[in-house]
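Remarks on the structure that follows.
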Amino acid sequence: MAVPRSLADCTAAELRRLYASGEASPSEAVRAVLDRIAALDPTLHAYLYVDRDAALREARSWDGRAGREGAPPLAGIPIALKDNICTRGWPTTAGSRMLDGFRPPYDATVTVRLREAGTILLGKTNCDEFAFGSSTENSGYGPTRNPWDPMRVPGGSSGGSAAAVAAGEATLALGSDTGGSIREPGAFCGVVALKPTYGRVSRYGLIAFASSLDQIGPFARDVRDAALLLGAIAGGDPADSTSGPQPVPAYADSLTGEVRGLRIGIVKEFFGEGLAPGVAESVRAAAGVLAGLGAVCDEVSLPHAVYALPAYYIIAPAEASSNLARYAGVQYGHRTAHADDLYTLYARSRREGFGAEVKRRIMLGTFALSSGYYDAYYLRAQRVRSVIRREFTQALERFDLLLGPVAPTPAFLLGEKIEDPLQMYLSDIYTIPVNLAGLPGISVPCGFVNGLPVGLQLIGRAFGEATVLDAAFAYEQATPHHTARPSLLTRA
Amino acid sequence: MIDDRIVAHVARLSRLELTDDERERFRAQLGSILEHFQSLLALDLAAETPAEHASAITNVLRDDTVRPCLTLDEALANAPVAEDGLFVVPPVIEGE
Amino acid sequence: MTLETVIGLEVHVQLETASKMFCGCAVEFGAAPNTRTCPVCLGLPGSLPVLNRRAVELGLRTAVVLACRIHPESEFHRKNYYYPDLPKNYQISQYQYAGHPPLATGGRLQIEGVPAGGETARAIGIRRVHLEEDTGKLLHAEGRSLVDYNRSGTPLMEVVTEPDLRSPEEARLFLTQLRAVLQYAGVTSGRMEEGTLRCDANLSLRAPGGPHGTRAEVKNMNSLRSVERALRFEEARQREQLARGEAVVQETRHWDEQRGVTFSSREKEEAQDYRYFPEPDLVPLVVDDAWLVQVRTGLPELPDAKRRRYAEAFALPEHEARLLTATRPMAEFFEATLRGFNQPKIVANWLVGDVAAYLNSAGQEIEDARITPAALAEMLGLLDRGTLSGRLAKEVLEEMLRTGRTAAEIVKERGLVQISDEAALTAMVDGVIAEHPGPVGDVRAGKDKAVAFLVGQVMKRSRGRANPEVVNRLLRERLAPR
Ligand SMILES: [Mg+2]
Ligand SMILES: [Zn+2]
């Protein structure tokens, strides 16, 4: 088989075949990806840190072995990690100036698993500060740009990972999703992006945003790659009490592309006011494709889904306000040069180290937990969460999957929403309910509006990633959207 | 609903030093965000149990076995200020 | 009008585990600063807690021995406040509010021998028992403070009493009793000087049977003695304040051991708002009947049972059995001594007599004593064989307790060494035979028992130094029936 195009644009599955046949080596693939980073990242700013030497060294160690008998499936595959995932000895900032120069003395569980899987860690990708945001504009290190249109945002908070995979600056990437931070940038950048069930992937070593909602998940250029990567990172972890003990299916090997008889519920509330007509059209067309493949599609109502956004913006900031209390200039992170007393040390270090959105959410969360407001806000929001969870569970008794858009619009312009937090929050109205329900959700490219990618969201039962992936795979096989590449690449 | 007093109190609880400007901006922004959330107040949720835990798992326990610690150098590597193996903070008066 | 004193205690107990509450770091007193830490107990970004099973079991043991109601489901919460000894700036603890019970509630502990007019035995209510993590330690230097996180995350149990205690003496008695019970249950070493048992108290005054008065919280009491002293001071302070017609202020006061006073810590007016909420990094704790049965069957013998056993099996007087079982280390010392010298009544006598008197005057506990059970057993053996007289034994024991040396060493060094020289002993033996014709006649008549009396007389004559075996042989040779 001839090398089809730049190795930087190959999927992991293709690279593995090329490694097996000796037509390409991990060193060559990693070099191609590093060259792509050198060419495009000055424009895109997907990365906060790249370790060329370590990547090439690791790649060489797999040359001649990757793709062969006995090598793990992802051996020699270049991968990028969102910068809120701890990497021993590498800078890990979570996109915050607060953690400028912080190098954790330990690896996150997913980092360990990726090392064991033989992937080649390239570096750390840009994100909204502490993953608070939907555009990556809240990064303390400047925004990432969308490879499909550099005037636009890549989505967020895992915008760096999504942009890197879309642009061939990584074959695969990991992001984290608390309210849509994997799926929304996946949709905006036209890549496959999966938020697993809460508890499917260990959170140990993921810098916490909202502990009861955070999940790490894969970005890839097709569904098979996403399945491969999920298989490598999923599974219970004794270091994460909230990780589930459920066995990990062979996600990639069990892709059939068969959806005949699959019952798919089209979520009525996800097609209401605020949804861009072009997006609605693409997503309905996608449902049509699945129906054409034999799936049984029907409308389903989740009447409380509209309350997910306000509930989320109580629960997530409440947990975040506590999770971020540790950044106070004592054990690590930014410390003000001007403090003679403890209170000033804390309040000024935090003032100097945190950006506006982080401060806003800390304030919001502190308020929601504070005496006199706890019942009205925090408890009420948790009750709403119960209702939403029940509605999803009941809907998923009738249906095998739920379907809707990922985001109300395609990628918006840089600066378009940054001054209006509420408008920004609305980018996640279709993804947030899924986090509150703790369910798996995938974003699959399903077309374009004005040259910008649109994402189809498929939501499954708890620990039902295999079904989600299989339906996404069937859709992908039937459509060409995932093969489209950003125009930026043809110029590169 | 959100007044200056609440903003000042919450900022203090959060250990966030704010300028007058920021205080005013946060007051307005938090106010409008919470305004948006008033829709929640109309819901009858009396019968609902708060979903405080994200999954149904219970009793995750570890055996009482000792595992290796970080070295002193690792523990202090990220410390902004350290001295003789200890983290340094401004003087704290006991009971303050 | 006489005012009644009302005291409630909050006792923090360090659980006897090998590793910390939520991580595998060793729990170790006195390690070099910041050498017993990991990402979890340093609060590094991304780290997560995992609950120590043994810590839960020790909490459950406590709940059982304090006759508490153990809740089938409890959970952990975050208590949010900023302080440099708290690496995450929140403490993982178990908070109690509507629908959220801690590990256990509603128990009691029987205290006995209440002085000063109280009943001789009564039950003190236990409001709750919960688990939490300890903080690190702050050290104070010139112009700055220093933080050591070795203690951060150490498993703690908080035992909170109802305001049932009526005097500082009673508070001390309760603590002594609580400590004994927890030591017996294997829950804690209970060493207050090492901070493994720490106590805060709430004290207020009221007209007998009337509504509660305003209370002050007293902190920083580091020994049983200081608890009693601090509360006595605080009691007097409030009494005087009320006598002057001034109100007691609700506040936190620190005990200054040196000056013997409590002082106001002048905490900020702003009320603490800990913003408790369920810890999302941990899952609920469910305690089912099977687990409770396991905990109950795994309980070591508790003081009451042990006291009854001593009194019956060893025929010891009640007060001796009580003293020997007052603390677990004392009971362990007693039992270990028996393994080397199996005469319970004698061992008990010496322990509650000379040994206890010495420890008392030296301000020591049995576990601080320089004497080992084996050494005591050896000494008692020497006494039993007549190598030491009772008088010498007292002297030797005193030196053993003071210096930690063994009886054999002391006997040798002080020239208490035995006389085995036959010529010297023959002279003494002949002298004794001449002085005691009666027993001598008995021996000659075949009454072997009288030999022991004569040996004793020789020992006495030699001030305990004669070799009893040689004396025995010499006596028998001389008095052999003709
Ligand atoms: Mg406590
Ligand atoms: Zn630790």
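Sub-8 Å Cβ pairs linking a first residue in the range C:88-114 that is under 24 Å from residue A:327 (Cα atoms) and part of a loop (DSSP other than H, G, I, E, B) to a second residue that is of a type in the set (Asp, Glu) and more than 16 Å from ligand 2 (Cβ to nearest atom), at least 6 apart or interchain, are C:94/C:75, ordered by first then second residue. Going through (1) within 16 Å of ligand 2 (Cβ to nearest atom); (2) open to solvent by 30 Å² or more (accessible area, probe 1.4 Å); (3) more than 7 Å from every other protein chain (Cβ to nearest Cβ) one by one, residue C:23 falls short only on (2). Within the set C:241, C:183, the sole residue that is buried (at least 22 other Cβ atoms within 10 Å of the Cβ), among the polar types (S, T, N, Q), part of a helix (DSSP H, G or I) and on the phi < 0 side of the Ramachandran plot turns out to be C:183.
Please tell me if residue C:176 is away from ligand 2 (no atom under 16 Å from the Cβ) and under 27 Å from residue B:64 (Cβ atoms). Judged against the criteria, residue C:176 is not a match. Determine if the range A:297-310 includes at least one residue that is of a type in the set (Asp, Glu), surrounded by fewer than 24 Cβ atoms within 10 Å (Cβ to Cβ) and within 8 Å of another protein chain (Cβ to nearest Cβ). Looking for residues that are of a type in the set (Asp, Glu), surrounded by fewer than 24 Cβ atoms within 10 Å (Cβ to Cβ) and within 8 Å of another protein chain (Cβ to nearest Cβ), one finds none in the range A:297-310, hence no.
Within the range C:76-86, which residues are part of a loop (DSSP other than H, G, I, E, B), of a type outside the set (A, V, I, L, M) and within 16 Å of ligand 1 (Cβ to nearest atom)?
If the condition is that a residue be part of a loop (DSSP other than H, G, I, E, B), of a type outside the set (A, V, I, L, M) and within 16 Å of ligand 1 (Cβ to nearest atom), then C:76, C:81, C:83, C:85 are the ones that fit.
The set of residues in the range C:1-20 that are within 10 Å of ligand 2 (Cβ to nearest atom) and more than 7 Å from every other protein chain (Cβ to nearest Cβ) contains only C:20. Among the residues of the range C:145-152, is any of a type in the set (A, V, I, L, M, F, W, C) and either within 27 Å of the chain's Cα centre (by Cα) or modelled with pLDDT of 95 or more (or both)? Yes. Taken over the range A:368-389, the residue count meeting the criterion of being buried (at least 22 other Cβ atoms within 10 Å of the Cβ), more than 7 Å from chain B (Cβ to nearest Cβ) and hydroxyl-bearing (Ser, Thr, Tyr) is 2. For residues in the range C:28-46 being open to solvent by less than 20 Å² (accessible area, probe 1.4 Å) and away from chain B (no Cβ under 11 Å), which is nearest to ligand 2 (Cβ to nearest atom)? Per the criteria, the residue is C:43. Within the range C:91-106, the set of residues being open to solvent by less than 10 Å² (accessible area, probe 1.4 Å) and either within 16 Å of ligand 2 (Cβ to nearest atom) or farther than 30 Å from residue B:75 by Cα (or both) comprises C:92, C:102, C:103, C:104. Taking each residue of the range C:191-209 that is among the acidic types (Asp, Glu) and looking for partners that are in a strand (DSSP E or B) with beta-carbon atoms closer than 7 Å, six or more apart or interchain, yields C:200/C:10; C:200/C:217; C:200/C:218; C:200/C:219. Could you say whether any residue in the range C:162-169 is open to solvent by less than 40 Å² (accessible area, probe 1.4 Å), assigned to a loop (DSSP other than H, G, I, E, B), touching a helix residue (DSSP H, G or I) at 6+ places or on another chain (Cβ under 6 Å) and of a type in the set (A, V, I, L, M)? No.
Within the range A:343-371, residues that are over 13 Å from residue A:131 (Cα atoms) reach partners that are of a type in the set (S, T, N, Q) and at pLDDT below 95 with beta carbons closer than 8 Å, at six or more positions or on different chains, in the pairs A:360/B:29.
Can you find a residue that is in contact with a strand residue (DSSP E or B) (Cβ under 7 Å, 6 or more places away or on another chain) and under 18 Å from residue A:11 (Cβ atoms) anywhere in the range A:200-213? No, the conditions are met nowhere in the range A:200-213. For the range B:11-29, residues that are within 7 Å of chain A (Cβ to nearest Cβ) and loosely packed, with under 13 Cβ neighbours inside 10 Å total 0. Applying the set (1) within 30 Å of residue C:85 (Cβ to Cβ); (2) open to solvent by 20 Å² or more (accessible area, probe 1.4 Å) to residue A:268 leaves exactly one unmet item: (1). Exactly one residue out of B:32, B:55, B:39 is surrounded by fewer than 19 Cβ atoms within 10 Å (Cβ to Cβ) and within 14 Å of chain C (Cβ to nearest Cβ): that is B:55.
Residues in the range A:332-367 that are over 27 Å from the mean Cα position of the chain (by Cα) and more than 8 Å from chain B (Cβ to nearest Cβ): A:336, A:337, A:338, A:349, A:352.
Conditions (1) away from chain A (no Cβ under 14 Å); (2) within 12 Å of ligand 1 (Cβ to nearest atom), marked per residue:
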residue: C:100; (1), (2): no, no
residue: C:104; (1), (2): yes, no
residue: C:125; (1), (2): yes, no
residue: C:131; (1), (2): yes, yes
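Here's the yes/no breakdown for (1) open to solvent by less than 30 Å² (accessible area, probe 1.4 Å); (2) away from chain A (no Cβ under 14 Å); (3) under 16 Å from the mean Cα position of the chain (by Cα); (4) farther than 30 Å from residue B:62 by Cβ:
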residue: C:276; (1), (2), (3), (4): no, no, no, no
residue: C:285; (1), (2), (3), (4): yes, no, no, no
residue: C:312; (1), (2), (3), (4): no, yes, no, yes
residue: C:317; (1), (2), (3), (4): no, yes, no, yes
residue: C:360; (1), (2), (3), (4): no, yes, yes, yes
residue: C:371; (1), (2), (3), (4): yes, yes, no, yes
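Scanning the range C:39-57 for residues that are more than 16 Å from ligand 1 (Cβ to nearest atom) and part of a helix (DSSP H, G or I) yields a total of 4. One residue stands out in the range C:150-159 among those that are within 16 Å of ligand 1 (Cβ to nearest atom) and open to solvent by 10 Å² or more (accessible area, probe 1.4 Å): the one that is nearest to the other protein chains (Cβ to nearest Cβ), namely C:151.
The values are calculated or read from the model by the stated rules, or taken from the named source; none is laboratory data. Remember, it's a predicted structure, so these values are computed and weren't measured experimentally. Cβ coordinates were reconstructed from backbone atoms using ideal geometry, including for glycine residues, and neighbour counts include every protein chain displayed. Please note that ligands, DNA and RNA were not included when accessible areas were found on the heavy atoms of the full protein model with its side chains. Shrake-Rupley method; radii C 1.70, N 1.55, O 1.52, S 1.80 Å.
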